[in-house]
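Written below as structure tokens is the structure these notes are about.
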Amino acid sequence: LSNERLDYLCAGECYNPSDERYSITRIEVIKITPQEYQGELIADLINDTWQTFACPKNNKFCEITFSDNEFTRDSVYYVRAIQEGIEAINGKQIESINSIENAEIKICKGSYKTNLKDQCLFQSEERAWSSPIFINKP
């Protein structure tokens, strides 16, 4: 990649990452229950988001504990941490620019098809996922 393209992709932080860290605003728990029989409705087995825990503002960490009082069969849990919203490059790929009556759509492709000066900045809540937590019914 050219130096100009690399700088554009990294927003100037590839070689000089900032020391600024953003807060985690909430922790979400997703619960997935595997099918017990063929044809069981999958939509009823995926609970995204099953539980949400708010994190204290301006804390350096967020710790949660959860339990499933309705646990009746094998289940898989994922935990995701949601960061406070910040402007991110390519944070919104489709945007309506005008009113509903006079709608114009702006598509940000995040590639050579979008003007290099248009970073498509938009508020985005970055997230991090845990590995799956498998709990089998005894």
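The values are calculated or read from the model by the stated rules, or taken from the named source; none is laboratory data. Just so it is clear, the model here is predicted, and its values are computed rather than measured. All Cβ positions, even for glycine, are placed from backbone atoms using ideal geometry, and neighbour counts span all protein chains on display.
Values for this structure:
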{"quantity": "Pair list, Cβ < 9 Å and 6+ apart or interchain, from the stretch 82-109 residues that are surrounded by 14 or more Cβ atoms within 10 Å (Cβ to Cβ) and in a loop (DSSP other than H, G, I, E, B) to residues that are modelled with pLDDT under 75 and among the hydroxyl-bearing types (Ser, Thr, Tyr)", "calculated": "90/114; 108/114"}
{"quantity": "All positions within the stretch 46-88 that are touching an Asp or Glu at 6+ places or on another chain (Cβ under 6 Å) and either more than 16 Å from residue 127 (Cβ to Cβ) or basic (Lys, Arg) (or both)", "calculated": "80"}
{"quantity": "Residue, surrounded by the most Cβ atoms within 10 Å (Cβ to Cβ), within the stretch 4-37, restricted to residues that are of a type in the set (D, E, K, R) and in contact with a strand residue (DSSP E or B) (Cβ under 6 Å, 6 or more places away or on another chain)", "calculated": "31"}
{"quantity": "Selected residue (only one of 137, 117 is assigned to a loop (DSSP other than H, G, I, E, B), charged (D, E, K, R) and modelled with pLDDT under 70)", "calculated": "117"}
